[in-house]
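Peer 1: Dropping a structure here in structure tokens format, bear with me for questions.
The values are calculated or read from the model by the stated rules, or taken from the named source; none is laboratory data. Predicted model, so just to flag it, every value in this text is computed and none were measured. Here the Cβ positions follow ideal geometry from the backbone for every residue, glycine too, while neighbour counts run over all protein chains shown. Quick note on the areas: whole protein, heavy atoms, side chains included, nothing else; ligands and nucleic acids left out. Shrake-Rupley method; radii C 1.70, N 1.55, O 1.52, S 1.80 Å.
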Amino acid sequence: MKFGIFYNEKSGQGAAKKIAILGQEKIKETQNEALLISGAQLAEAVAALEKVLFELDVLIVIGGDGTLSCVLSVMLALDHPLPTGLIPAGTINNFARYYQLPTQPEAAFDLILNQAQVKKVGIAKCGPKQVVVSSLTFGNLADIGNEVRQKDKRRFG
């Protein structure tokens, strides 16, 4: 099988790239192929994903709700859904928290590679080529999420 690992090079001060390399090694241990998909900017990473999407059997996304939304929007636009795994690496990770996904990369890769389950999830379609992945949140978690400014998210990942 051919796995794609999508990540944003700027995310988490380079942490996403380290996680992607870890994942590539773990996938190779299972006798499968792993392709790293990224770019210096998010638009470059998306263009790289569009070029290889039809070659992949599985896609692993390293990031948070925004990165996952971006990747699923590409799948929607190209009408090519794939089994998708998530390695949570965002600021809040609402999607991962809701589905109780492991937040540690090693545990998340282990779940994807050794204990994978197919779950159908609700995803909102915001037009012919864009989806939104997140959750409706009230209380302290919503307050914390709203206090994180976009410039800080870009700076800290």
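Peer 1: Given H placed 1.01 Å from N in the peptide plane, which residues other than close sequence neighbours of GLY64 have an amide H under 5 Å from its amide H?
Peer 2: ALA89, GLY90
Peer 1: Computing the accessible area with a 1.4 Å probe over protein heavy atoms, can you report the carbon and sulfur percentage for the range 1-49?
Peer 2: The nonpolar share, carbon plus sulfur, comes to 51 percent.
Peer 1: What spacing in nm lies between the two simple spin-label points modelled at LYS51 and LEU22, each 7 Å away from Cα in the Cβ direction?
Peer 2: With each label placed 7 Å out from Cα toward Cβ, I get 2.8 nm.
Peer 1: May I ask you to give the solvent-accessible area per residue for the range 31-94, in square angstrom, as obtained with a 1.4 angstrom probe?
Peer 2: Result: 41 Å² of accessible area for each residue.
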